[in-house]
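Report on the following structure.
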Amino acid sequence: AGMRTSAQKVDGGWKINGAKVFITNGILADMVIVCAKTDPGAGARGVSLFLVDTTLPGFARGKSIRKIGQHASDTAELFFDDLVVPDDALLGEAGKGFGYLMQELPRERLGVAAQALGAIEGALKLTLDYVQDRRAFGQRIADFQNTRFTLAQVRADLDMGRGYYNQCLQRYLAGEMTAVDAAVIKLQLTEMQCSCIDRCMQLFGGYGYTLEYPISRFYVDSRVQTVYAGTSEIMKEVIARDMLGRTQ
């Protein structure tokens with residue numbers, strides 16, 4: 001609601017000025033959906049959405065942002081300098097953009113939770129294969145009690161997480177999933193993802209810290225999951241507001 005990118009009404013269209021950062025697929029995109037303030041004094045009620053053709057004059061991309069993980073997905077900074085779009089580029093109704101975004105938050109956070117489950121499952125499979133093959137002190141790593149207990153806990157976390165995910169999925173399909181439901185599952189499963197993959201990586205020893213072993217990719221790719229689509233701290237605030245109301 002505090003965005004500074006603006007869209008000013010002009011003859012036959014809208015003039016957009018501003019910049020956006022951390023835009024997934026921003027380097028590759030031929031069309032982007034831009035959130036802009038059409039009524040600066042209206043707060044969240046002054047946000048509108050526009051379909052912007054990236055070949056239009058006034059559009060520019062910065063360099064692809066280098067990240068520690070998720071290298072298969074480009075991330076960009078985008079710039080709009082007196083970029084004019086026609087009237088029919090307005091997506092939906094003026095001033096309702098923030099509401100449109102809020103409608104999609106449950107689905108977005110459910111999707112992030114699904115990624116978390118898949119990542120935990122993938123990391124667990126890699127680790128199970130590794131500990132049964134690698135030997136130390138004359139026995140398989142899989143035979144050490146610490147290994148067995150660690151992987152048992154990861155399996156238990158995964159099964160519990162999948163159970164709650166399936167419950168939320170059914171609520172979503174029925175149109176009954178709330179913003180609080182979405183916050184809970186996003187918070188729990190992304191934090192679980194980081195924790196479980198960290199424990200799996202530990203069992204690889206020094207090899208886990210090398211790019212040669214895929215577990216390292218699981219590790220660096222997991223970290224941003226607790227940040228995008230709403231940080232863990234924001235998820236906690238959403239949940240707390242449901243119980244205690246907003247702070248004074």
With all protein chains present, the range 6-94 has a carbon and sulfur share of its accessible area (1.4 Å probe) in percent of 55
Computed [θ] at 222 nm, deg cm²/dmol, the chain (DSSP H ≥ 4; -39,500 (n - 2.57); rounded to nearest 500): -15500 deg cm²/dmol
So who's got an amide H within less than 5 Å of the one on V84, skipping anything under 5 residues away but keeping other chains? H placed 1.01 Å off N, in plane. I16
Can you sort L101, L110 by solvent-accessible area, 1.4 Å probe, largest first? L101, L110
Taking a probe of 1.4 angstrom, what is the accessible area of D30 in Å², to the nearest 10? 120
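With r defined as the distance between the Cβ atoms of V10 and N166 and R0 fixed at 45 Å, what FRET efficiency is calculated, to the nearest 0.05?
0.35
If you place +1 on the Cβ of every Lys and Arg and -1 on the Cβ of every Asp and Glu, how big does the dipole about the Cα centre of the range 135-198 come out, in debye to the nearest 20?
Around 280 debye, computed over the range 135-198.
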Putting +1 on Lys and Arg Cβ atoms and -1 on Asp and Glu Cβ atoms, find which of M160, A136, G43 reaches farthest to the positive end of the dipole of the chain. A136
Can you tell me the Rg and the Dmax, both Å, for the Cα atoms in the range 6-94? 13.6, 45
Where nothing but the Cβ of Lys and Arg (+1) and of Asp and Glu (-1) is charged, how large is the charge dipole of the chain around its Cα centre, in debye to the nearest 20? 660
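What's the magnitude of the charge dipole for the range 1-120 around its Cα centre, counting Lys and Arg as +1 and Asp and Glu as -1 at the beta-carbon? Answer in Debye, nearest 20.
So the magnitude is around 520 debye.
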Spacing of the two label points (7 Å from each Cα toward its C-beta) at I33 and K63, in nm: 3.1
Hull-based mean projected area of the chain, where the convex hull spans the alpha carbons, in square nanometres: 16.7
Chain lengthening between E93 and Q115 when straightened (0.36 nm per residue, less Cα-Cα): 4.7 nm
Highest GNM mean-square fluctuation among L124, L91, L187, for the chain with Cα springs under 10 Å, belongs to L91
Could you calculate the contour length gain from R140 to K125, that is, 0.36 nm times the residue separation minus the distance between their Cα atoms, to one decimal place in nm? 3.8 nm
Run the paramagnetic zone check for A1: 7 angstrom along Cα to Cβ, then residues of the range 25-44 with backbone nitrogen under 12 Å. 42-44
Before I look further, what does the range 97-244 give for accessible area per residue, probe 1.4 Å, in whole square angstrom? 57
Just want to confirm a number: the relative contact order over the range 6-94, from Cα pairs under 8 angstrom separated by 6+ residues, in percent. 39
Approximate spin-label separation L101-D198, in nm, with each point projected 7 Å along Cα-to-Cβ: 3.0
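The values are calculated or read from the model by the stated rules, or taken from the named source; none is laboratory data. Only a predicted model underlies this, so the values are computations on that prediction, with no experimental measurement involved. Every residue, glycine as well, gets a Cβ built from its backbone with ideal geometry; the counts of neighbours run over all protein chains shown. Protein only, heavy atoms only, side chains kept; ligands, DNA and RNA dropped before computing areas. Shrake-Rupley method; radii C 1.70, N 1.55, O 1.52, S 1.80 Å.
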